[in-house]
Structure formats: structure tokens, C-alpha cells
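Here the structure is laid out as C-alpha cells; the discussion comes afterwards.
The values are calculated or read from the model by the stated rules, or taken from the named source; none is laboratory data. These numbers were taken from a predicted model, which means no experiment stands behind them. Please note: Cβ atoms are built from the backbone with ideal geometry, for glycine as well, and neighbour counts cover all protein chains shown. Just the protein is used for accessible areas: all its heavy atoms, side chains included, with ligands, DNA and RNA removed. Shrake-Rupley method; radii C 1.70, N 1.55, O 1.52, S 1.80 Å.
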Amino acid sequence: KSVLFNWEKEIKKFAPEMKYEIAYGKFDYSVPMDKDTVYLTTYETLGIHDEYFKDTKYDVIIMDEAHYIKNSRTGRYRSLQRLEAGFMLALTGTPMENNIAELWSLLNILNPNLFGKRSEFLQKFGNLNDDKEQMTQLQKMIVPFILRRTKTQVLPELPAKTEEYVYCKMGEKQRNIYDILLSAAQNEIEEKPSRYVIKDNAAILQSLQYLRECCIDPMLLKKGMVGSGISDSCKFDSFKEYAENIMNESGKLIVFAYYPQSLKRLQTWCKQKNWNTYYIDGEVNDRQRIVDEFEREQQGVFFISIKAAGVGLNLTSCQYVIIYEPWWNPAVEEQAADRVYRIGQEKPVFVYHFLVKDT
């Protein structure tokens, strides 16, 4: 929903004469649609008020952040399929995050049935990594329908962006906890299951989570686990050093992380330094107000959960970004950093990815 208000701001800025309505929240869905009006709504609202939206023939439908409709088996996807339009456009920085089925979902909603059934598409193009001929064939099929534009093509006037990988080295206590967790995980994986036991992949994923939490901050580990309660964190130490330098240099910094607990620990430290702090995660509703406050101020540190960062944030008043935890999909990290590196940014941007050495 935060993107709705971004679109509203853009309309006011670039097309002030355009009539628009935000169909969300307390909007009156009993009033018939006006053919000369742009309606801004969310995918969730479309699903809830399906009957209101499906009876209109639209000139244009624009699906922003289209990766939210990557699953063709959801209600929001079926709601979009019922809409009729002269032209449909999907906008996304990540048309495919997990698998080829997501690409089919987008292509199918734009041009129904053109790419065949989902099962046939997956059967034909499911092994692209191993088959270059398949890859070439798919590229030829989709190229008329996809316009890919990189930042450098669209915005040649953007300043430079520098990315740096900061390798933090664990202290003795943190390393000891990590090694114990790693050894336990390896034993779990190597132990051959008996005929009465089914090996559970969830245990492996759980082990990876514990290792990840240990790397970020052992304080994240569950109570009673080895090392829980120990506050030694090489990332936290590196953060303090980088934050001091950045705040002295520019006065503004944005920090992305996955775990709200680790963001809040960093925020507490920054408050002790008497810096302005701002915070957004998936639970925060008035995101735009917080963004506007940060943009107005000359000084401050903005803490944002990486899952909440993918959409609707324009933060061009800041040029320094710390990505505190690596994400399994590099495109998500890039999207987070691009909240800063976008139209309106006039200064060079510096992005620091914090990693833990030998993990």
C-alpha cells in the first residue's frame, strides 16, 4: 500500500491535471467507476473487492511490483485474470526470483495462453541451466514482450555507485559458538537414517538459520542454546566503526537487515550516540511519514528490514548504505540498495555488505 502514495505523488508532480482515486481502505466501492479516472489500488484490495473491479473494461492496467503476482495459484492472480484491458503492463525489477514458473505466471497474465499451459512450459524449459539450446529458444520467444532497462541506460546522469564487501572476523567466544553449531549441523547431516527414520530437510534449514544467527549476533540464538546471551558480535563491532565514520562524514546512513532484533540492537546503540533514528519493518503502517521525516532531516540513521525494503521507498537524501546481513537472492540486496540509488540521487552512493570471514 505504501506504493499507492508514491504513485499519487508522481501523478501530482508530472500530471497534475489527471483525475485519480485511491481505491483502498474507506473508499466507497458502491460508486460506479469513472471512465476518465486513474484508480490506484493494491493486489489485496483487488482480491477482496473483485466484483467492483471486474465489471469495467480498462484502457490500461499497470501492475507495479509485479513479482507479487508470481504465483499463478493465488487468489490475487485469479482476480487479475478476470480483468479486461486494451493494454497490460507489468513492472518489476525481479521477474523471476525462485524458478521459471514465476516467469510463466507473468507472461501468461499479460498474454493469456500464448505460452501454453504451465505444466507444458515447465516441462520444456525446466532445465535451462543444463540446456543452452532451450535457453536460446526461450529468449527468442519472450524478447518481443520484455523491455529490460538497466539504471545506466535510463539514467546516465546518475552518480557513481561503489560496493564494498566488509569481512568481519569473529572473536574467540563467537567463533567457539559457531564451531559447536557447525559441528552439530554436520553430524546431523552425515548421520545415516535408519529404516525407521525419515531424514528431515527442515533440520538442515534450521541448522543454517542457527549458523546465520550466530554470525550476525549470538544474542539472536534461542535461550538455552549454546552461546545464547553472549553479546560478542564482530558485525556489531564493525558497524560501530563504520557508523561513526559515516555519520562524521555525511550525517546520514541507512541500514538493512533481516532480523528486527538485530536492527533494534543497532538502533539502541545509535540512540545512545544521540543520533536521530528511524525504523521500518513489516509491522509499520505509516512508512511514508517516517520516510518523509528522514528525507527532511540533515542527520539520522534509518533501520529497515530487508523484506520491507523492496517497494515504495525513495531515500535519495542519503548516500551511505550498510547491508548488515547477506540475503540468499542477490537481487533483493540490490533492490534494497536501489532505494538510495535512483532518480533524484545527486551524490555518489556507497554500499557496504557485511560478511563474516570463514563461515
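Mind checking the log10 I(q)/I(0) for the stretch 211-262 at q = 0.17 Å⁻¹? Debye, one equal scatterer per Cα, no solvent, two decimals. The computed values of log10 I(q)/I(0) come out as -0.59. Note on the chain: the C-alpha convex hull projects to 23.2 nm² when averaged across all orientations.
For Lys307 and Glu133, a Förster radius of 51 Å and the Cβ-Cβ distance give a FRET efficiency of 0.85, rounded to the nearest 0.05.
Our summary gives the stretch 260-310 a relative contact order of 44 percent, counting only alpha carbon pairs under 8 angstrom and 6 or more residues apart. When peptides 142-149, 223-230, 103-110 are ranked by their average number of other Cβ atoms within 10 Å per residue, the highest-first order is 103-110, 223-230, 142-149.
Between the helical axis of 287-296 and the dominant principal axis of the chain, each derived from Cα atoms, what acute angle in degrees is found, rounded to the nearest 10? In the chain, helix 287-296 runs at an angle near 70 degrees to the longest axis. Using a simple spin-label model with pseudo-atoms 7 Å out from Cα toward Cβ, Ile204 and Lys222 lie 2.0 nm apart. For Tyr167, the accessible area of its heavy atoms, probed at 1.4 Å with every protein chain present, is near 140 square angstrom. Put Arg82, Arg342, Arg212, Arg73 in order of accessible area, highest first, and with a 1.4 Å probe you get Arg73, Arg82, Arg212, Arg342.
Overall form of the stretch 248-359: rounded. Here a/c, set by the Cα gyration tensor axes a ≥ b ≥ c, is under 1.5. Here the extension length gained between Asp59 and Gln81 equals 6.4 nm, from 0.36 nm per residue of separation less the Cα-Cα distance.
Candidate cross-link partners of Lys9 among the lysines, defined by an alpha-carbon separation under 18 Å and a same-chain spacing of 8 or more, comprise Lys1, Lys19. A straight chain from Gln272 to Glu10 at 0.36 nm per residue would run longer than the Cα-Cα distance by 90.6 nm. Modelled label positions at Glu249 and Leu182, each set 7 Å beyond Cα in the direction of Cβ, lie 3.1 nm from each other.
Rg over Rh for the stretch 17-149 works out to 1.02, both radii taken from alpha-carbon positions and Rh defined as the Kirkwood radius. One way to sum up the overall shape of the stretch 61-131 is the equivalent ellipsoid from its Cα gyration tensor, whose semi-axes run 21, 14, 11 Å, largest first.
With a Förster radius of 41 Å applied to the beta-carbon distance between Met18 and Thr150, the computed FRET efficiency rounds to 0.90. Here the gap between Lys35 and Met141, fully extended at 0.36 nm per residue and compared with their Cα-Cα distance, gives a gain of 34.7 nm. Each principal axis of the stretch 172-277 carries a Cα extent, and these read 61, 24, 22 Å when sorted largest first.
Cysteines of the chain lacking any other cysteine Cβ under 4.7 Å from their own Cβ: Cys214, Cys215, Cys270, Cys318.
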